[in-house]
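Only one structure is covered here, and it is reproduced in the block below.
Any read-out appearing in this document is the output of simple, stated calculations on the displayed coordinates, not a laboratory observation. In this text the structure is predicted, and so the values were computed from the model without any measurement. Cβ placement follows ideal geometry from the backbone for every residue including glycine, while neighbour counts extend to all protein chains displayed.
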Amino acid sequence: MVRSLYSGVAGMTTHQVKMDVIGNNISNVSTYGYKTGRATFRDVYYQTQNGASGATPFRGGTNPREVGYGTQVSSIDVNHSQSIMSMTGFGLDCSIGGEGYFQVQDRDGNIFYTKAGMLDFDGEGNLVDMNGNFVLGTPTGRGPVGTQLPGSHIIRIDLPYLNAQGASFSDSIDENLITLESTNSTKLANIPFAFTSVTDLPIGQDVRAVVASDSVTIQFSATAEFADIDDLNTKINSAIRAGNNGADLPGGEYVLSFENDPFLLQTDPAAPAIHVSLTGAQLVRGNFGVDIGTGVIQADADPGNADYANFFSVASTGDRFLDGVAGYDDTTGAVETIDDATILFNYGASATDPANNVYKLSITVPGGVPVYYAELTPDQMKSSGSVMLRRFDGALNGVPLPESDSITVKFPTLSRLLTNNAIIADDPDTVADEFTSRLGNGAGAQTIQLTPSVASRDVGLSQTIFALKGGTEGGPQTANDLTAINLTKDGVIYAMHSILGEIELGRIDTATFANPAGLSQVGNTYFAESANSGAPRVGIPGTEGSGGLIPGALETSNVDLSHEFTDMITTQRGFQANSRIITVSDTMLEELLNLKR
C-alpha cells in the first residue's frame, strides 16, 4: 500500500508538470516565433519480488515478479516545425522561410538564437531585436556584403562623411540638358520649381515668383523679352526675392544653365551663331517643331469688300512660307509680318484644266511674286472647309514649289456667299462678276496680313517640375538621414539616402543546427546552444540548408489549440485518477488500522 501511495504521488506530480507545459503553450499562442513544448512520461524503479527462472527438464520457466513505483517525466520536447507567416507591413519585420534562426547577442556577449524577427535600428545605428539585443550578421564596414563570408558580427549603420553641396535638378528637354542649381549648400534648398507664362503681369514686370513653404512657381510674362541666360537668371532671382519679402531663399540664388544655349541661333554652320532674344512664352512653351504663321483678312475702304471680311480666314502658313523670296528672311528667329497681300476669289476656267470651270482662290504677296493658288469645285463648296494654297512662281501653269511653302485658308459655303446682302445669282458668269467686283479687282482688292511660320524657339521649361535634391550641409550621416529601409530574401539590408542614393547597410546571417530539438530554451523566445544541439553553422539566408528571409512578415506561434485542449482533458483525467490511487490506498490503510479494535 505504501508503494501505491508513492505511485499516486508520482503520477500527480508528472501530470502537473505536463499541465504546466500545456499552460505555457496556450499562454504563448500569440507569441511570434514561439515553439510549442511536449511533456512525455516514463516509468521508474521496479522492486523485484521474485526473479525469473528458466525452464528445466522437470518444470517450466517463470517470469519475474516486479512492482513499480510510479512514473516520472521522461522529456519535455520542443516542436521546431515552421508555423504560418503573418504579414505585418513593417519594413524591418522578417521571418525565415524554412530552417535557420536569427543570431542575437546580449550586452554580456552571449549569443542566442530566435525565430522572432521584430527588428529595428537603435539611436546609435545598431540593428537590434525587440529586446534591444544586437542582431548579428555581416556589416558593411568589412566591405560590400556580397564579397564577405557569413559571420556573427554586430550590424551598425556606417555611412561615409558627406561634403556640403548645393541642390540641383537636371532634365533633358527637346535634347537639351537643362539644369537648375542652388548656390547655397543646405538641405533647405531641396524644393521643387515650376515654370509657367501668364498674360496678366503689370507693364514692366517680366517675372513674378510665387513662393510657398515647400515650392516656388516662376511666372514669366508671355510677351516679355529676355536677352540672354544672365538676364534670365537675374530677373528670376529678383522675382524670388520680391516674392519672399525681399530676402533670398535658404538655398541662396537659383541658377539655370543649358547644355545648348537657347539664345544662340545657328543658321549657317560656317558662320557664327546669331544672338537672339526669347519671350516668356517661348521659354516655357513646349512646341519643338514649327511655330505656325497666322493671317488676318482685312476689309478695305470699299463697303462691298467689307461684306466678305469674315467669310475667308487664314488658318496657317507652311513651315517654308516665303522660303527663298527676296526681301523676306525668317532665319533670324524674328517674327515678320507681310502686309497687304491680295486675296482674289472668282469663277472661271481652271488654270490647270482649262476645259472645266472652277472657283479660283489666290493670294499674291506684295511685288506680284510668289502667287499662292488653289481651285475649288462647286461640289466642294457645298460645305465649308479649308484648302491649302500651293506656291507658284509667276505663271500658274508652272510647277508648284514644295507643299510646305503654302497658306491654308478657311472658306464658307457657296450658298452663304450667294445670299449675302440679298445677292441672288444663278448664272456662273454673274457670280464671277459679283465676286470679282467685291473680292478683288484692281484697286478694290481684298487684303490680308500674314505672319510667316518660323522654326520653334521654345525652350520647354514647363515640360517638367524642377524638383531640386541633393542639397546638404554635409557632415556625418546617421540613421535619421535614411529613408525606405528594406530587406531582401538573402538578408541584405538596403536604404535610400537623399544624396548617396541606394546603399547597403549590412546583411543578416542565419544559423542552423544539426539537432534543433537539442537547443535550450532561455526565455524571450530565445534558444541557446547545448551539448546535444551541435555547433551553429552560420550562412547566408537561402543557402546551406537555411531558408530565405520573408520581409514584412513574422512567423506565428506553432501552438495547435485543438491539440492542447485535448491534452489538457486527458491530463486532467490522469491527474484525477492518480489522486484516486492515494484516496483508495488511504482507505485500505484505515481498514488495516481498524483491525486492532
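Just flag the chymotrypsin sites (Phe, Trp or Tyr not before Pro) in the range 16-90 sitting in loop per DSSP whose Cβ has no more than 12 other Cβ atoms within 10 Å. Intermediate values should be presented prior to the final figure.
Working: sites: 32, 34, 41, 45, 46, 58, 69, 90; in loops: 32, 34, 45, 58, 69, 90.
The qualifying sites are 45, 58.
Longest span of the chain, sites excluded, free of GluC sites (Glu not before Pro) in DSSP loop with at most 10 other C-beta atoms within 10 Å? Numbers along the way, then the final one.
Details: sites that count: 124, 175.
Longest gap between qualifying sites, sites excluded: 176-597.
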Longest principal axis of the chain (C-alpha) makes with the long axis of helix 229-243 (C-alpha) an angle, in degrees to the nearest 10, of 60 degrees
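Provide the net charge surrounding residue 81, with neighbours chosen by a C-beta distance below 14 Å and charges set as Lys +1, Arg +1, Asp -1, Glu -1.
Numbers: positive: 35, 38, 115; negative: 77, 99, 555, 560.
Local net charge: -1.
At a 10 Å Cβ-Cβ cut-off, how would you order 410, 360, 115, fewest neighbours first?
Details: 410 14, 360 20, 115 24.
Ranking 410, 360, 115 by Cβ neighbours within 10 Å, fewest first, gives 410, 360, 115.
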Straight-line reach from residue 187: which lysines fall under 23 Å, measuring Cα to Cα and dropping same-chain residues less than 8 apart?
469
In nanometres, the difference between 0.36 nm per residue of separation and the alpha-carbon distance of residue 591 and residue 266 is 104.4 nm
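For a footprinting-style exposure proxy, rank 12, 87 by other Cβ within 10 Å, fewest first. Each step should come with its number before you reach the end.
On the way: 12 20, 87 12.
Starting with the residue having the fewest Cβ neighbours, the order is 87, 12.
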Over the range 44-196, what number does the Rg to Rh ratio reach, with both radii from the alpha-carbon atoms and Rh per Kirkwood?
1.45
Only four residue types carry charge here, +1 at the Cβ of Lys and Arg and -1 at the Cβ of Asp and Glu. Report the dipole size of the chain about the Cα centre in Debye, rounded to the nearest 20.
4640 debye
Per-residue [θ]222 nm for the chain (sum of -39500 (n - 2.57) over DSSP H runs n ≥ 4, rounded to 500):
-5500 deg cm²/dmol
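May I ask you to list the trypsin sites (Lys or Arg not before Pro) in the range 51-114 that are in a DSSP loop and have at most 16 other Cβ atoms within 10 Å of their Cβ? Intermediate values should be presented prior to the final figure.
Details: sites: 59, 65, 107; in loops: 59, 107.
Taking the range 51-114 and a limit of 16 other Cβ atoms within 10 Å, the loop trypsin sites (Lys or Arg not before Pro) found are 59, 107.
Within 13 Å, Cβ to Cβ, of residue 546, how many net charges do the neighbouring residues add up to if Lys/Arg are +1 and Asp/Glu are -1? Each step should come with its number before you reach the end.
Values: positive: 115, 489, 507, 537; negative: 99, 490, 509, 544.
Around residue 546, the surrounding residues sum to 0.
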For residue 277, what residues show an amide H to amide H distance below 5 Å, using hydrogens built from the backbone and excluding near sequence neighbours?
none
What is the distance, in nm, between label points placed 7 Å from the Cα along the Cα-to-Cβ direction at residue 87 and at residue 296?
6.4 nm
Simple label model, 7 Å out from Cα along Cβ direction - residue 43 to residue 212, nm:
8.5 nm
Chain lengthening between residue 200 and residue 315 when straightened (0.36 nm per residue, less Cα-Cα)
38.7 nm
Points 7 angstrom from Cα along the Cβ direction at residue 489 and residue 579: gap in nanometres?
5.4 nm
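What length, rounded to one decimal in nm, is gained on full extension from residue 130 through to residue 515, with 0.36 nm per residue of separation minus their alpha-carbon distance? Walk me through the intermediate numbers first.
Working: separation 385, 0.36 × 385 = 138.60 nm, distance 2.61 nm.
Difference between extended and current length: 136.0 nm.
Report the far tail of the P(r) of the chain, meaning the percent of Cα-Cα pairs longer than 43 Å. Working shown, then result.
On the way: 107477 of 177906 pairs.
Counting every Cα pair in the chain, those more than 43 Å apart make up 60 percent.
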